[in-house]
Amino acid sequence: MSLGNCPRCGKLYAMNFRDMCSDCMKEIEEEYQQCAKYLRESKGATIHEVSEATGVTIRQITKFIREGRISIANAPNMSYPCEVCGVLIRENNMCDSCRSRLTKELRSAAASESEKDDQDKKSDYTYKAVEKLRKY
Ligand SMILES: [Zn+2]
Ligand SMILES: [Zn+2]
């Protein structure tokens, strides 16, 4: 059994293939139930309304949506922030303009491989973002 600090509350817990301690898992499960219930009752709600009504952070609701636990297919006003600029979107991790900007940045980064040194920081960020993009 290996011990680790829970990334959410910092408490020491037995990791056992879990991302966080059992208290936090329970709390998140409750948060999920609250959000799902609220959305069932108010299909026209926005993410801000769900957050205000349930007290669950937008960040956590976004996670539920990305994990596929909360479906926004039947909630026409639900959306979540783009990972890069925060604009509200309904699919992928980023909005269209961030996606096309990153694709362009990646292309120019690949084109100027020889100038790698001063590009390092930027392309590291770009590669990470593009890796995320590839999953979708
Ligand atoms: Zn915890
Ligand atoms: Zn964006």
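Contact annotation: residue pairs with Cβ atoms under 8 Å, 6 or more positions apart or on different chains, pairing a residue in the range 4-27 that is more than 16 Å from ligand 2 (Cβ to nearest atom) with a partner that is basic (Lys, Arg), are ASN5/LYS11; MET20/ARG8; CYS21/ARG8; CYS21/LYS11; ASP23/LYS11; CYS24/ARG8; MET25/ARG18. Say whether the condition of being surrounded by 12 or more Cβ atoms within 10 Å (Cβ to Cβ), at pLDDT 95 or above, in contact with a helix residue (DSSP H, G or I) (Cβ under 8 Å, 6 or more places away or on another chain) and in a loop (DSSP other than H, G, I, E, B) is met by at least one residue in the range 46-65. Yes, the range 46-65 contains a residue that is surrounded by 12 or more Cβ atoms within 10 Å (Cβ to Cβ), at pLDDT 95 or above, in contact with a helix residue (DSSP H, G or I) (Cβ under 8 Å, 6 or more places away or on another chain) and in a loop (DSSP other than H, G, I, E, B). Of all residues in the range 1-45, those that are outside any helix (DSSP H, G or I), of a type in the set (Gly, Ala, Ser) and surrounded by 11 or more Cβ atoms within 10 Å (Cβ to Cβ) total 4.
The set of residues from the range 66-89 being part of a loop (DSSP other than H, G, I, E, B), within 13 Å of ligand 2 (Cβ to nearest atom), surrounded by 13 or more Cβ atoms within 10 Å (Cβ to Cβ) and of a type outside the set (Asp, Glu) comprises SER79, CYS82, VAL84, VAL87.
The values are calculated or read from the model by the stated rules, or taken from the named source; none is laboratory data. All values reported here derive from a predicted model rather than from experimental measurement. Every residue, glycine as well, gets a Cβ built from its backbone with ideal geometry; the counts of neighbours run over all protein chains shown.
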